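K.L.:
Here's a structure for you.
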Amino acid sequence: MQNPIQELLQCAVCLGTVARPRVLPCFHSFCESCLTTHIRTTTGTSRFLSRKFNCPSCRISTDLPPGGTDAFPHDFRLIQFTDALKTIVNLKKEGLCGICCTEEYFRSAKQFCADCQKYFCNDCSLKHRLTPVLSHHFMLDLPVDGQSAGPSCHTHPKESAKYVCSTCTFPVCVICVMGQHKFHNIAHLNPSSSLQRTELHDSMSHIREHIWSIHETLFNLTCLEGKLKGLFEESRLQIKKRSRKLINRILGDEGQILKDLEAIYDTKCSEVFKMKEKCRKKLSSCETLQSHIGTLLRSDDLHELLIKYPNLSEELEKTRQPSDLLKSQHLLTFVKFKPGHFKLGKLLEVDVKDESRTLVPQETTHIPDTSDSNTSGEEPNTRTYIPTSLRLVTDTDDRLALSDVDDETNDLAHNLQLRTGVSPMPDLNLDLPYKTPLQLRSVFGSYGRSMGSMCLPYNICFTREDKLVVAENGNRRLQVFDIDGESIEFIGSGEIIPRCVTQTPSGDLAVTDELSKTIKVYDLGGNLKMTLNPIGATFPFGLATSQTGLFIFTDMIFENISIITASGILKRQFGSHGCTQDRFDNPGYISVSQHDKIFVSDSSNHAIKVFDMNGTFLYKFGCYGTSDGRLRYPKAVCFDIFGNIFIADSGNDRVVLFSSIGQYLGVVVGRDQGLQRPTGLSYSNQGYLAVSMPDMNEIRIYHLISRAYPDVRL
């Protein structure tokens with residue numbers, strides 16, 4: 001019968017001990033080389049593209065990621081178990097002579113050489129002392145039981161002497177240190193151990209900073225990836241618009257330029273993907289190194305463990321080398337379409353960093369709150385803008401309400417302070433109205449196309465029955481889950497590339513389709529009811545509905561807001577590219593409150609802007625930064641039953657909470673709880689908050705507990 005430990009460490013392909021194990025999503029591990037050979041044999045090709053293969057053990061079909069075998073994670077638990085097993089085997093060999101003992105012949109060790117770090121029996125010890133070169137080595141007599149490898153305590157012979165008493169000038173054990181020698185000058189027997197621990201603590205701090213730096217680089221690469229796609233879409237649209245005017249003369253040029261543009265775009269995306277993979281591998285290496293250092297710091301015998309990791313110094317030195325992952329000038333360039341006069345045009349190389357003004361801001365920049373008519377020469381107002389045409393009144397429910405007054409009314413901040421004693425500035429940093437930390441209800445999702453798996457879940461939406469609808473941009477479908485993360489059904493599979501999804505007042509699901517550049521409406525059974533193609537819309541992105549059934553959506557090309565009826569008739573359109581109060585820069589996500597106020601996530605201006613249904617600017621809050629009340633590339637917006645505003649602060653890896661008038665309340669959940677670039681948010685009337693993370697292909701659902709009503713789930 002096979003040993004259970006050997007069976008655990010055995011590769012199911014080669015039947016040998018597993019080497020460099022890679023783990024599949026079904027949790028079976030195999031040698032890296034064996035897994036590569038199995039995939040090649042199964043798929044019939046040496047190039048790993050988008051193919052499926054069966055697990056050699058359980059035969060479950062598995063999607064091969066773009067990175068091939070290297071994209072599957074290492075089975076670090078199996079690696080650590082192998083190391084621990086080796087340690088146990090080595091410990092069994094202690095107490096035996098390390099010179100003359102073999103597998104068939106054993107001799108008990110009687111002495112230990114501190115210089116050679118070897119155990120010796122009586123015969124080998126005599127030969128050691130008679131050898132002229134080794135005669136000056138320090139030999140320690142072992143106790144009778146042979147279990148101690150160091151000197152014995154002067155007072156307690158059976159105890160190992162790990163310390164030396166400078167007052168009494170002889171070695172002592174822990175019992176002596178805590179007893180009769182507790183007021184003496186005690187030093188560690190190995191003075192280098194304390195220094196090594198100090199150096200390891202410094203190394204641990206350095207690695208934390210290095211991991212944070214890699215996370216920052218990954219985020220910047222993701223921003224670069226999005227900007228490349230935006231430039232690609234913009235250039236593709238301009239090419240098509242220009243070609244319609246000159247179609248009879250330059251139809252051939254259009255196809256060639258589009259082909260060149262797509263080739264350049266594919267090359268750039270491939271470079272960014274490789275750079276991200278390099279970052280992830282470096283991050284995995286640093287986390288492994290961090291785990292090793294943590295093991296060393298928790299160990300009593302630090303010197304012995306340092307011998308097990310001989311390359312630790314080299315790996316630490318590599319982490320101190322500066323990162324140049326995002327310094328390639330070639331990586332930060334792309335092409336942009338330049339229209340011609342008598343020809344279609346041509347592709348010109350541009351600097352992506354200049355196009356986006358900055359990918360990595362060097363210092364905090366404020367978004368000016370002045371309009372185009374401000375020519376007074378004064379410095380722009382950097383605090384949150386709140387219109388002076390609003391005043392605060394108190395109703396019978398002790399809630400703050402806004403009502404219209406004359407233009408000569410004093411500033412809202414002054415009114416608020418006079419009436420309530422509270423300032424509306426976003427730096428109040430009030431306590432959250434919920435108990436923290438949030439209670440995590442479910443975590444689900446992984447990369448794949450099967451039921452329960454997902455790819456790029458950019459946006460999510462709760463239905464009235466607390467079912468969660470996920471817009472999977474990468475899998476071209478909507479997937480419906482229950483509150484516990486169990487997949488229920490697919491909607492629109494293969495016929496849409498969804499960006500944002502919302503539920504209409506009638507209970508249907510409306511989604512912006514990147515494939516057809518339209519808005520499609522499905523019933524909950526998955527049947528397509530209508531397709532809306534609004535006039536003047538080129539790329540519908542964010543989507544929301546009002547209480548009266550109007551559709552409000554953002555346009556990523558013209559960067560404006562459109563309001564249409566349920567039949568697709570355009571009622572109103574406002575906004576354009578810019579950084580003033582009524583203009584936008586990358587207005588991705590949008591939401592409508594219960595009072596029909598439109599909240600727009602002005603992502604590249606790092607702010608949330610609020611309008612009424614007539615397109616009149618009301619106020620905004622947020623500006624670039626990482627501190628309280630500041631935002632970095634905000635994404636989805638949703639509301640709780642009290643009117644408080646949840647915002648997916650994507651660049652800061654957190655979800656933050658503001659009041660209905662823009663007061664900063666605090667961080668709801670952040671990077672410490674595992675969030676990474678959240679984009680989608682949705683709140684249900686039962687008090688559940690769902691967060692989507694497209695980079696991790698993961699959804700998390702929390703439920704909120706009110707501080708005012710601790711026994712009631714909102």
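K.L.:
Which three extents, in angstrom, do the Cα atoms of segment 547-647 have along their principal axes, listed largest first?
P.N.:
43, 33, 19
K.L.:
Which of the residue pairs Lys517/Lys609; Lys276/Lys308; Lys517/Lys571; Lys517/Lys635; Lys227/Lys274; Lys240/Lys338 have a Cα-Cα distance greater than 23 Å in the structure shown?
P.N.:
Where the Cα-Cα span goes over 23 Å, the pairs concerned are Lys517/Lys609; Lys276/Lys308.
K.L.:
Mind checking the log10 I(q)/I(0) for segment 472-587 at q = 0.11, 0.12, 0.20 Å⁻¹? Debye, one equal scatterer per Cα, no solvent, two decimals.
P.N.:
The Debye formula, applied to the Cα set alone, gives -0.37, -0.43, -1.06.
K.L.:
Tell me which residues come under 5 Å, amide H to amide H, from Glu514 once H is placed; ignore anything under 5 positions away on its chain.
P.N.:
Ile497, Arg499
K.L.:
For Thr333, what residues show an amide H to amide H distance below 5 Å, using hydrogens built from the backbone and excluding near sequence neighbours?
P.N.:
It is Val352, by chain and number.
K.L.:
Ok, one more. Where only protein heavy atoms count, and the probe is 1.4 Å, what is the accessible area per residue for segment 593-714 in Å²?
P.N.:
29
K.L.:
Moving to a separate point now. Enumerate the amide H contacts of Gly345 below 5 Å, restricted to partners 5 or more residues apart or on another chain; note that Pro and chain-start residues carry no placed amide H.
P.N.:
When sequence neighbours closer than 5 places are left aside, the close amide H contacts are Gly340.
K.L.:
Leaving out ligands, DNA and RNA, what percent of the accessible area of segment 616-664 is carbon and sulfur, probe 1.4 Å?
P.N.:
Carbon plus sulfur share of accessible area: 48 percent.
The values are calculated or read from the model by the stated rules, or taken from the named source; none is laboratory data. Keep in mind it's a predicted model, so treat the numbers as computed, not measured. Heads up: the accessible areas ignore ligands, DNA and RNA and are worked out on the full protein's heavy atoms, side chains in. Shrake-Rupley method; radii C 1.70, N 1.55, O 1.52, S 1.80 Å.
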